[in-house]
Amino acid sequence: GATMAKSKFEYVRNFEADDTCLAHCWVVVRLDGRNFHRFAEKHNFAKPNDSRALHLMTKCAQTVMQELEDIVIAYGQSDEYSFVFKRKSNWFKRRASKFMTLVVSQFASSYVFYWRNYFGDQPLLYPPGFDGRVVVYPTNQTLKDYLSWRQADCHINNLYNTVFWALVQQSGLTPVQAQRRLQGTVTADKNEILFSEFNINYNNEPVMYRKGTVLLWQKVDEVMTKEVKLPAEVEGEQKVVTRTRMKPAPLHCDVIGDAFWKEHPEILD
Ligand code: ATP
Ligand code: ATP
Ligand code: MG
Ligand code: MG
Ligand code: MG
Ligand code: MG
């Protein structure tokens with residue numbers, strides 16, 4: 001075709017750094033709420049876990065998966081979500097900055113857009129922000145270990161927070177006293193405090209809090225009414241039709257053991 005006229009300024013494009021993600025590797029984008037410790041306080045999040053906030057995070061992550069290309073699995077907990085792109089994805093020529101900025105901006109705008117659906121009349125007091133990073137994992141094992149790391153982090157934090165807030169809310173300790181009480185304790189100690197002082201069996205706490213949320217593409221039957229109308233008719237008849245669609249479905253399962261990967265071999269293809 002005809003050569004486009006280039007301005008003399010065009011050379012500045014060459015200052016752009018190449019940020020292509022290594023071919024055939026897993027590309028992970030992780031985002032995290034900026035200063036959500038404060039955001040949670042200002043918006044009266046329930047402690048230790050506000051389920052409205054967790055469900056809103058998951059809604060945003062589902063929107064990211066549906067709007068963008070090539071995401072095979074996502075994992076979220078607290079104010080963070082990780083998105084894993086297909087090994088062979090060639091979306092935006094695998095440019096890291098495209099992956100990261102499109103994920104984070106889609107997520108952030110969704111957080112504001114869907115806020116009302118989860119928080120009702122409680123106003124959003126200021127625009128939240130999210131940071132993002134891209135990490136490339138070269139093997140299936142490193143990808144599995146990445147997701148295991150995030151889920152282990154969820155477990156460790158949630159166990160700590162569950163005891164901490166029980167001490168504050170039920171025993172009337174100040175945050176400083178609760179923190180001192182927990183200093184140097186191991187997992188078994190924390191389980192023991194929960195059981196003997198609060199009659200809480202940690203394993204019976206809600207699974208979404210303990211395990212976080214995995215999003216996987218699953219077939220969903222969608223039932224809808226459709227108006228069927230012949231060209232000559234003014235009003236058609238309502239017909240119920242079912243169709244199957246792929247949707248990012250939330251699971252609260254263990255991803256650390258082998259069982260998850262045996263059950264879902266399609267993730268690693
Ligand atoms: P940074 O900007 O460095 O990420 P941060 O304050 O967001 O700072 P994080 O380590 O990301 O620090 O921790 C997120 C904090 O947000 C948690 O410590 C918790 O206080 C709060 N938070 C996030 N989600 C929830 C939730 N669903 N329920 C209750 N608190 C939450
Ligand atoms: P991509 O995702 O690749 O950026 P794009 O459709 O956003 O695709 P751009 O090259 O960024 O492509 O061009 C932005 C387009 O958005 C313009 O071509 C124009 O059609 C439209 N647009 C943006 N701002 C305005 C505006 N203020 N008024 C009218 N049209 C606008
Ligand atoms: Mg942080
Ligand atoms: Mg944060
Ligand atoms: Mg965080
Ligand atoms: Mg554009």
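Every read-out reported here was derived from the displayed coordinates using simple, explicitly stated rules and does not represent laboratory data. Quick caveat: nothing in here was measured; it's all calculated off a predicted structure. Here Cβ is always computed from backbone atoms with ideal geometry, including for glycine, and neighbour counts include all displayed protein chains.
Screening segment 64-78 for residues that are under 10 Å from the mean Cα position of the chain (by Cα) and not hydrophobic (A, V, I, L, M, F, W, C) and picking the one that is nearest to ligand 4 (Cβ to nearest atom) gives 78.
Restricting attention to segment 200-246, the residues being part of a loop (DSSP other than H, G, I, E, B), without any contact (Cβ under 8 Å) to a residue 40 or more places away in the chain and either surrounded by fewer than 16 Cβ atoms within 10 Å (Cβ to Cβ) or of a type outside the set (A, V, I, L, M) (or both) number 9.
To keep it simple, each residue is scored yes or no on (1) in a loop (DSSP other than H, G, I, E, B); (2) hydrophobic (A, V, I, L, M, F, W, C); (3) surrounded by fewer than 14 Cβ atoms within 10 Å (Cβ to Cβ).
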site	(1), (2), (3)
118	no, no, no
122	yes, no, yes
131	no, no, yes
135	no, yes, no
154	no, yes, no
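Determine whether residue 141 is in contact with a helix residue (DSSP H, G or I) (Cβ under 9 Å, 6 or more places away or on another chain), more than 16 Å from ligand 4 (Cβ to nearest atom) and assigned to a helix (DSSP H, G or I). In short, no.
Checked against (1) surrounded by 13 or more Cβ atoms within 10 Å (Cβ to Cβ); (2) free of Cβ contacts under 8 Å to residues at least 60 places away in the same chain; (3) within 19 Å of residue 50 (Cα to Cα), residue 169 meets all criteria but (2).
Among the candidates 87, 52, 13, the residue that is closer than 23 Å to residue 205 by Cβ and more than 16 Å from ligand 4 (Cβ to nearest atom) is uniquely 52. Each residue in segment 184-204 was checked for being closer than 14 Å to residue 156 by Cβ and among the acidic types (Asp, Glu), and 1 pass.
Listed by first and then second residue, the pairs with beta-carbon distance under 6 Å, at least 6 apart or on different chains, first residue in segment 90-115 and small (Gly, Ala, Ser), second crowded, with 16+ Cβ neighbours inside 10 Å, are 96/21; 96/134; 108/130; 110/60; 110/63.
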